[in-house]
1. Would you mind calculating the gained length between residue 71 and residue 116 on full extension (0.36 nm times residue separation, minus the Cα-Cα distance), in nm to one decimal?
2. Separation of region 72-132 and region 1-52 by C-alpha centroid, Å?
3. Measure off, as a whole percent, the carbon and sulfur share of the 1.4 Å-probe accessible area of region 81-132, all protein chains present.
4. Taking residue 127 as the anchor, which lysines have their alpha carbon closer than 24 Å to its alpha carbon, excluding any fewer than eight residues away along the same chain?
5. Gain in length, residue 30 to residue 49, computed as 0.36 nm per residue apart minus the alpha-carbon separation, to one decimal in nm?
6. Okay, helix-only estimate at 222 nm for the chain: each DSSP H run of n ≥ 4 adds -39500 (n - 2.57), divide by all residues, round to 500 deg cm²/dmol; what do you get?
Amino acid sequence: MGAAWYNRLKKLQTPWSCSVLAQAFCTAAANDTEYMERTWNDVHEWKIRQTELVKSLGWKIHPGCVDWVPYIFVDCSDKAVAEKASDVAQAAGCPVRLCASFGTPTYLRLGVRRPEKQDVLFQAWRKAFPSQ
């Protein structure tokens, strides 16, 4: 029963579920108001910086991408560009979400990252897309 039960459970599990350890961390973080305020401010500043870097490549930010979400929904305007950008990001160690499965094949979803990680990603993209 062990393997069969496990395989059945894995089929029912949502792809975004998280471990008990991750849940405990989130609970502790949410109760640490100093941490939450610092993180809220940092992520906001990092998102502004990352948005400007996206625009520097000539890509557009989806207008529905509000400030409080910790990601940026980016339109690369071309499916092939979005696919290549996703591959380059993965190779650079900074994976992004190619959004073709959402019905938006020209879009990427970028988690907001620390500036040093942004620099790695955008350096790789500038090298891959030198004319942009």
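The values are calculated or read from the model by the stated rules, or taken from the named source; none is laboratory data. Note that this is a predicted model, so its numbers are computed, not measured. Accessible surface areas use protein heavy atoms only, side chains included; no ligands, DNA or RNA. Shrake-Rupley method; radii C 1.70, N 1.55, O 1.52, S 1.80 Å.
1. On the way: separation 45, 0.36 × 45 = 16.20 nm, distance 1.65 nm.
That pair, residue 71 and residue 116, stretches by 14.6 nm at full extension.
2. The two parts, judged by their Cα centres, are 22 Å apart.
3. Numbers: 1410 of 2840 Å².
Carbon-and-sulfur percentage of accessible area, whole number: 50.
4. In chain and number order, the partners are 47, 55, 60, 79, 84, 117.
5. Values: separation 19, 0.36 × 19 = 6.84 nm, distance 2.49 nm.
The residue 30-residue 49 span can extend by a further 4.4 nm.
6. Details: 5 runs with 74 residues, N = 132.
Result for the chain: -18500 deg cm²/dmol, rounded to the nearest 500.
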